[in-house]
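The values are calculated or read from the model by the stated rules, or taken from the named source; none is laboratory data. Keep in mind the model is a prediction, meaning the values are calculated, not measured. For neighbour counting, all protein chains shown are included, and Cβ atoms are generated from backbone atoms with ideal geometry for every residue, glycine included. Quick note on the areas: whole protein, heavy atoms, side chains included, nothing else; ligands and nucleic acids left out. Shrake-Rupley method; radii C 1.70, N 1.55, O 1.52, S 1.80 Å.
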Number of protein chains: 2
Amino acid sequence: MASGLKVTAPLSISNINCGFDALGASLSLISDQIIGRRMNSPGVKINTITGEGKHLVSTDPYQNTAGVAILRFLEFLNIRTEGVELEIHKKVKCGSGLGSSAASACGAVVLANALFGHPLQNRELFPLAILGEYVASQAFHADNVAPCLFGGIMLVRDTRSLSIHRLHIPDNLLITIVLPELQIITSEARKMLKPDVHLKQMVRQSANLGSFVLALERNDYELLSASLQDHVIEPQRAHLIPGFYEIKEAAFKAGVTGCGISGSGPSLFAFSRNTSIAEEAGLAMQRVLKKHKVESRVMVARIDSEGTVLH
Amino acid sequence: MASGLKVTAPLSISNINCGFDALGASLSLISDQIIGRRMNSPGVKINTITGEGKHLVSTDPYQNTAGVAILRFLEFLNIRTEGVELEIHKKVKCGSGLGSSAASACGAVVLANALFGHPLQNRELFPLAILGEYVASQAFHADNVAPCLFGGIMLVRDTRSLSIHRLHIPDNLLITIVLPELQIITSEARKMLKPDVHLKQMVRQSANLGSFVLALERNDYELLSASLQDHVIEPQRAHLIPGFYEIKEAAFKAGVTGCGISGSGPSLFAFSRNTSIAEEAGLAMQRVLKKHKVESRVMVARIDSEGTVLH
């Protein structure tokens, strides 16, 4: 496809132990790419999908998060005679727990906006990206979309009112990502959760979210480590990852600040404050997975602060 | 009682909408007083209780939070031949939702510690005060004890590990307290709560606690106002206070930043950032209560930053 525009949209971790549906953080150097151009027929045409798990993603624009996001964009602006054609390159396959769907949705709306001369602000693109991501997760939530679009570590206070808040990124924070070769369907992982939580668990979980915010704002790694606990979701999803608690133990032995499942998994993340811990932890986690006959890939990233970027 | 020592222990609001069992804030100029001296017989003797609701508080040291707190103090230090005699002056009656029991417990341990030559740090007195307060609330929680003992707005991350964190106090913050003439028993108000919470409610509640912390740290009144919501506890306790939602409406009409039930009630609190709003809101709330045939008292305080103080 000649003379198109290109965007990169970062992948992101979400939940981050204590912030189910409320916390997300975008990852530097780990991003999807979308290339696109205007076309003289209405709607969206997805020409090719390349990269990881390309066969898992539909090229039907109505079944594709990038496609739906742009369709919503075109509807919103009442653009009826023109459309967008796309080429999508996936860095990781969907269902990795790294906000792959959100990346497609964010990339798509930023691209479309650029192709039509920037009629909307990023703030206005945000709900359109959320509508796009709905196709994949069957839920309206912004914990991946917010960091992917805007960058940084984001607290989603309220999706409906688009109340999202960028948190301070602690100095030297590194994120180790371990991506096991396992398939988890986001919407299934969501359905498996008990609809209710014990009041006491709610108190512990929400107090940890409060102190997580405080730890970031104050650059307090000790408090950050204490806050990175999940009393509600992790116990219900741990069995999806063979050797999960052993993996965590290996990460903590390597010296990480915190460790958990990203999104609904199977990706795992660990926070640490120096490169050698981040790398060592990744290898240690990978070794445990291998012992359990699961292959995996390790990546080390920083928090990306730019979000979805047009090139 | 001659030649005794005197402490003042501030009353405190707790829960603060989004922080059930996790948030508390101590109030300036609203405090209990305890006077005491060492005696040559073991244990605790409560000579007199004066002030509001004095008949509601037992002078049996084993049934009194101040008494139990000092008994625990004496046990902890293995003091067997001497004891403490007390005179307690209550500013508000117990069961007001203003941490009256915590004030007695904190005042008692600080007093005892002074009487015996300061063998313990305040940090070490903290668990003893929590044990004392247990008598009143039948639960080990620190959301009133922490601000009462140390002052300020406190986030209790974890009671068992005594993980408490002092939050930034926003500039010019005023707290209106409206104390209706109603009796609510803390332990009963606790029992009435459903043991479970919907997962979605947990997400909203914890995200609000996260953004509450962020709002304080950043002095952001707009975010503070948005965060001061209670999706879990308030709906279950609102019926205990006649005209509750009308009272809230009156407070918001007067311009407050937030408004809710303090602790398990019946006290109500409102946050605002100037004296005229704080006073006007108090009167407006009082008027609604009066319409519902409930008399009340209004106080306006700032956040106290000293905690329990020896004179």
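At 7 angstrom along the Cα-to-beta-carbon line, where would the label on residue A:119 sit relative to the other copies? Give the distances in nm, shortest first.
Those label-point separations list as 7.8 nm.
Excluding ligands, DNA and RNA, what is the solvent-accessible area per residue of the protein assembly as shown at a probe of 1.4 Å, expressed in Å²? Display every interim value, and only then the final one.
Working: 23860 Å² over 622 residues.
The answer is 38 Å² per residue.
Hey, what did chain A get for relative contact order, percent, Cα under 8 Å, at least 6 apart?
Numbers: 762 pairs, mean separation 77.0, N = 311.
With pairs under 8 Å counted, the relative contact order is 25 percent.
If you put a point 7 Å past Cα along the Cβ direction, how far is that point for residue A:222 from the same point in each other copy, in nm, smallest first?
3.6
Summed for both chains, how many Å² of accessible area, to the nearest 100, are buried between A and B with a 1.4 Å probe?
Numbers: alone 13420 and 13400 Å², together 23860 Å².
Result for this pair: about 3000 Å² buried.
Have a look at A:113, A:208, A:47 and tell me which one the Gaussian network model of chain A (Cα, springs below 10 Å) gives the largest fluctuation.
A:47
Is the shape of the range A:225-311 rounded, prolate or oblate, going by the alpha carbon gyration tensor and its root eigenvalues a ≥ b ≥ c, with a/c under 1.5 for rounded and a/b larger than b/c for prolate? Let's see the in-between values first.
Values: a/c = 1.45, a/b = 1.33, b/c = 1.09.
Judged from the Cα gyration tensor, the range A:225-311 comes out rounded (a/c under 1.5).
Report, for the range B:35-102, the % of DSSP beta bridges that are antiparallel, rounded to 5.
DSSP beta bridges in the range B:35-102 are roughly 40 percent antiparallel.
Simple spin-label model, 7 Å along Cα-to-Cβ: residue A:122 to residue B:161 in nm?
In this crude label model, residue A:122 to residue B:161 measures out at 3.5 nm.
Quick one: among B:91, B:194, B:253, which has the greatest mean-square fluctuation in a GNM of chain B with alpha-carbon springs under 10 angstrom?
B:194
What FRET efficiency would be calculated for the residue pair residue B:225, residue B:81, taking the C-beta separation as r and a Förster radius of 51 Å, to the nearest 0.05?
Values: r = 56 Å, r/R0 = 1.09.
Efficiency, from the Cβ-Cβ distance: 0.35.
For a Förster distance of 45 Å, can you work out the FRET efficiency between the beta-carbons of residue B:54 and residue B:287, rounded to the nearest 0.05?
Numbers: r = 29 Å, r/R0 = 0.65.
Result of the calculation: an efficiency of 0.95.
Which of the residues in the range A:2-28 lose at least 30 Å² of accessible area when you go from the chain alone to all protein chains together (probe 1.4 Å)?
Those residues are A:20.
Rounded if a/c is under 1.5, else prolate if a/b beats b/c, else oblate: with a ≥ b ≥ c from the C-alpha gyration tensor eigenvalues square-rooted, which is the range B:60-124? All intermediate terms of the calculation are to be shown ahead of the outcome.
Numbers: a/c = 2.19, a/b = 1.70, b/c = 1.29.
Prolate shape, in that a/c is at least 1.5 and a/b is the bigger ratio.
How high is the FRET efficiency between residue B:191 and residue A:194 when r is their beta carbon distance and R₀ equals 25 Å, given to the nearest 0.05? Kindly include the intermediate steps, with their values, before the conclusion.
Numbers: r = 23 Å, r/R0 = 0.92.
Here the calculated transfer efficiency is 0.60.
Show me the helices of chain A, taken as full DSSP H stretches, that run 27 Å or more along their long axis by Cα and average -1.0 or above in Kyte-Doolittle hydropathy.
Working: long enough: A:199-218 (28 Å, 0.15).
Once both thresholds are applied, what remains is A:199-218.
If Lys and Arg each add +1 and Asp and Glu each add -1, what is the summed charge of the other residues whose beta carbon sits under 13 Å from the beta carbon of residue B:264? It would help to have the intermediate numbers written out before the result.
Details: positive: B:190, B:191, B:237; negative: B:21, B:143, B:188, B:230, B:234.
The answer is -2.
Roughly speaking, what is the stretch gain from residue A:38 to residue A:253, that is 0.36 nm per residue apart minus the C-alpha to C-alpha distance, in nm to one decimal? Mind dumping the intermediate values first?
On the way: separation 215, 0.36 × 215 = 77.40 nm, distance 5.20 nm.
Extending this stretch completely gives an extra 72.2 nm.
For residue B:306, what is the net charge nearby, where nearby means another residue's Cβ is under 15 Å from its Cβ and Lys, Arg count +1, Asp, Glu -1? Each step should come with its number before you reach the end.
Working: positive: B:6, B:166, B:302; negative: B:32, B:304.
Neighbourhood net charge equals +1.
For the range B:1-60, what % of the accessible area comes from carbon and sulfur atoms, probe 1.4 Å? Each step should come with its number before you reach the end.
On the way: 1180 of 2360 Å².
Reported share for carbon and sulfur atoms: 50 percent.
Inter-copy label distances at residue B:172, 7 Å along the Cα→beta-carbon direction, one decimal in nm, shortest first?
List, nearest first: 4.0 nm.
For the range A:131-163, state which residues have at least 20 Å² less accessible area in the presence of all protein chains than in their chain by itself, taking the probe as 1.4 Å and leaving out ligands, DNA and RNA.
Residues of the range A:131-163 that lose at least 20 Å² of accessible area once the other chains are added: A:155, A:157, A:160.
Carbon and sulfur: what percent of the range A:124-259's accessible surface (1.4 Å probe)?
Values: 2590 of 4960 Å².
In the range A:124-259, the share of accessible area belonging to carbon and sulfur is 52 percent.
According to the square roots a ≥ b ≥ c of the eigenvalues of the Cα gyration tensor, what is the shape class of the range A:123-273, taking rounded for a/c under 1.5, prolate for a/b larger than b/c otherwise, and oblate for the remainder?
Details: a/c = 1.43, a/b = 1.12, b/c = 1.28.
Verdict is rounded for the range A:123-273.
Run the numbers on the range A:177-220: which residues show a drop of 50 Å² or more in accessible area, chain on its own versus all protein chains together, using a 1.4 Å probe over heavy atoms?
A:196, A:197, A:199, A:202, A:203, A:206, A:207, A:214, A:217, A:218
When DSSP assigns beta bridges and you keep just the ones with both residues in chain A, what percent turn out antiparallel, to the nearest 5?
Details: 44 of 52 bridges.
Roughly 85 percent of the beta bridges in chain A run antiparallel, per DSSP.
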